[in-house]
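Asks: Dumping the structure here so I can ask a few things about it.
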Amino acid sequence: MSDGILVKGLNAWFGEAHVLHDVGIAMAPKAVTALIGPSGCGKSTFIRCLNRMHEVVPGARVLGSVRVEGQDVYAPGVDPVQIRRKVGMVFQKPNPFPTMSVFENVVAGLRLGGIRERAVLQEAAERALRQAALWDEVKDALGKSGVSLSGGQQQRLCIARALAVEPDVLLMDEPCSALDPIATAKIEELILELRGMLTIVIVTHNMQQAGRVSEATGFFLLGELVEFGVTRTLFTNPGDKRTEDYITGRFG
Amino acid sequence: MSAVTAAAAGLVVLPLLLILAFLLYQGASAVNLDFFTQLPKPVGEAGGGMANAIVGSLMLVTLAAALGLPLGILGGVYLAESGDRRLPWIARFLADVLNGVPSIVIGIFAYGLLVLPFRRFSALAGGFALAIIMLPIVVRTSEELVRLVPSSLREAALALGIPEWKVLVRVVLPTARAGIITGVMVAVARVAGETAPLLFTAFGNRFWHQGLDQPIAALPLQIFAYAISPYDDWHRQAWAGALVLIGSVFIVSLAARIVTSGRFTGVR
């Protein structure tokens, strides 16, 4: 069953600071949704609410409803560990585990999830690395340290690591902001290839990037979702004055 | 400027080099196979060795490590990871105070707790006293190193759907491993040479150890006893004992460095 992501009345706090206000959004399954907005507008906090990573921060609180592929993420008794298996995440800075090899990094989620069979792990590693367009570059260096790769390769390694557990959703929090243009282009290519395989939500500061990779785009401002719609429409004919001001560079 | 700093660095290692040179000069002649394999000879007889004290020291340090390391490392992890503020602050403060408590006071504590009630000096009491000396060092270095592990790694692991305890055991601790081992080695080296807390706990013994509930020999104690004796032969053996003590600390530290530099390492 494919329902995508359905969010209703989502509010989030860091201690006393109310950082998300009544966000409601319906993201299509197996599509790429981009979230744009100025720094501190709550878009990163928003995607961290989708896989229950927001609550990892001490003092953080969430109220509202999030359904991913039909499952209520915040229902009582739901284990966040289970949700995070289904909703993978890639972070702003590449963060491979420094004590693990390339291979061990890719299969970390599976191995620490209790899968031991070497053959299963090897197959999963190759599949994930191919999906992340990294296989050809590292197939002879699987035993090398994960942090010995270049920045762009490290980020694709992190994408492979997230894909290896076969999630339904992949959240990407500014995945290219620490990378050079060539590495960025590779990641964008990769996102386009993954489209149709799983639901992708990408937070980006780069509006051209949102235009290139996404079908739908949401614009966040001061913790509110100002506008959400088809990417092309949002960029060519925004419905809200604030969206227009932002995409034309008048602020932010 | 760089000449000044280089000179300062040289001055820092100079005492160690002088100590080593002096120990070699005084003690090298008494370090032989007998020293490592023989029991001490009775007063008046030449020769003999400190084999019992070497074994005793190894046992005491092992005992101290078995008691102190798991507790210290877990405590350090707690201090680094706890979201609470007050309790870790108090624990950290008390650990620093404990680190400053003179070791003889810790010896008296162990004496009161484990020697008096059983009316017997014992290896266990000695190991316990050494463990308490290790604790604050291990707690504080473990804390610092767990803290140094970037939170991005923790988040990456959590976001993969790995349960929190596994994140700690399989990602955070391995990343901090090299540094923690260095801290552990510092603690081991420190207690290996402690004399005062053993005076009225392990007490010393002229024979092989007879069980953990019996007095046991230790290198620092033997060095102390021989050094204040009036016999030249014993003086030489005391120097040799000091040399062996320093040598073993050196070897253990070196081994730890080599072991931890093998695989990919995280923070040091």
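What follows draws every value from the coordinates through simple rules; no lab data is involved. As the structure is a prediction and not an experimental result, all values here were calculated from the model. Neighbour counts run over all protein chains shown; Cβ positions are idealised from the backbone, glycine included.
Asks: If the viscosity is 1.567 mPa s and the temperature 4 °C, what translational diffusion coefficient in µm²/s does Stokes-Einstein give for the stretch B:49-261 when Rh comes from Kirkwood over Cα pairs? Before the final figure, lay out the partial values.
Replies: Details: Rh = 18.5 Å.
Answer from the Stokes-Einstein relation: 70 µm²/s.
Asks: I'd like the FRET efficiency for A:Ser148 and B:Gln210, computed as 1/(1 + (r/R0)^6) with the beta carbon distance as r and R0 of 41 Å, rounded to 0.05.
Replies: On the way: r = 54 Å, r/R0 = 1.31.
So, using R0 = 41 Å, E works out to roughly 0.15.
Asks: Same structure again: I need the phi-derived Karplus couplings for the stretch A:55-69: 6.51 cos²θ - 1.76 cosθ + 1.60, θ = phi - 60°, integer Hz, Gly and Pro marked x.
Replies: Result, rounded to whole Hz: 6, 5, 6, x, x, 7, 9, 9, 9, x, 10, 10, 10, 10, 6.
Asks: Over the whole of A:44-52, what's the average partner chain Cβ count within 10 Å per residue? Rounded to a whole number, please. Can you show the working numbers first?
Replies: Numbers: counts 0, 0, 0, 0, 2, 0, 0, 3, 2.
That average works out to 1.
Asks: In addition: Please list the non-local residues whose amide H lies under 5 Å from the amide H of A:Leu221, H modeled 1.01 Å from N, same-chain partners needing a gap of 5 or more.
Replies: A:Val226
Asks: At what distance in nm do the modelled label points of A:Val78 and A:Glu215 sit from each other, each positioned 7 Å from its Cα along Cα→Cβ?
Replies: 2.3
Asks: While we're here: Per the Kirkwood formula on distinct C-alpha pairs, the Rh of the protein assembly as shown is how many angstrom? Write down the numbers at each step before the final one.
Replies: Values: mean 1/r = 0.0369 Å⁻¹.
So the Kirkwood estimate lands at 27.1 Å.
Asks: For peptide A:99-107, compute the average count of partner chain beta-carbon atoms within 10 Å of each residue's beta-carbon.
Replies: Numbers: counts 15, 7, 2, 0, 0, 1, 1, 0, 0.
Average neighbour count from other chains, rounded to a whole number: 3.
Asks: Right, something else. Compute the length gained on full extension between B:Trp89 and B:Asp232: take 0.36 nm times their separation in residues and subtract their Cα-Cα distance, giving the result in nm to one decimal. Show your work: numbers first, answer last.
Replies: On the way: separation 143, 0.36 × 143 = 51.48 nm, distance 5.22 nm.
Net length gain for the segment: 46.3 nm.
Asks: Sticking with this one: Taking the Cα-to-Cβ direction at A:Glu224 and at B:Phe250 and moving 7 Å from each Cα, how far apart do the two end points lie in nm?
Replies: 7.3
Asks: Provide a whole-number value for the mean count of partner chain Cβ atoms within 10 Å of the Cβ atoms in peptide B:161-170. Don't skip to the end; give the middle numbers.
Replies: Working: counts 17, 9, 6, 3, 0, 5, 1, 0, 1, 6.
Across B:161-170, the average partner-chain Cβ count within 10 Å equals 5.
Asks: With r defined as the distance between the Cβ atoms of A:Glu123 and B:Leu148 and R0 fixed at 41 Å, what FRET efficiency is calculated, to the nearest 0.05? Can you show the working numbers first?
Replies: Working: r = 36 Å, r/R0 = 0.87.
It comes out at approximately 0.70.
Asks: Here is a follow-up. Roughly speaking, what is the stretch gain from A:Glu166 to A:Asn237, that is 0.36 nm per residue apart minus the C-alpha to C-alpha distance, in nm to one decimal?
Replies: On the way: separation 71, 0.36 × 71 = 25.56 nm, distance 3.66 nm.
Value of the extension gain: 21.9 nm.
Asks: Rounded to the nearest 500, what is the 222 nm mean residue ellipticity of chain B from helices alone, with -39500 (n - 2.57) per DSSP H run of 4+ residues and division by all residues? If you can, show how the numbers build up before the last one.
Replies: Numbers: 11 runs with 183 residues, N = 268.
One gets -23000 deg cm²/dmol as the mean residue ellipticity at 222 nm.
Asks: Of A:Lys144/B:Lys166; A:Lys8/A:Lys93; A:Lys93/A:Lys144; A:Lys30/A:Lys144, which ones are farther than 31 Å apart at the Cα? Numbers along the way, then the final one.
Replies: Values: A:Lys144/B:Lys166 23 Å; A:Lys8/A:Lys93 29 Å; A:Lys93/A:Lys144 20 Å; A:Lys30/A:Lys144 33 Å.
As for pairs spanning more than 31 Å Cα to Cα, those are A:Lys30/A:Lys144.
Asks: Related question: Taking 22 Å as R0, compute the FRET efficiency from the Cβ-Cβ separation of B:Val101 and B:Leu71 and round it to 0.05.
Replies: Numbers: r = 17 Å, r/R0 = 0.78.
Between B:Val101 and B:Leu71 the formula returns 0.80.
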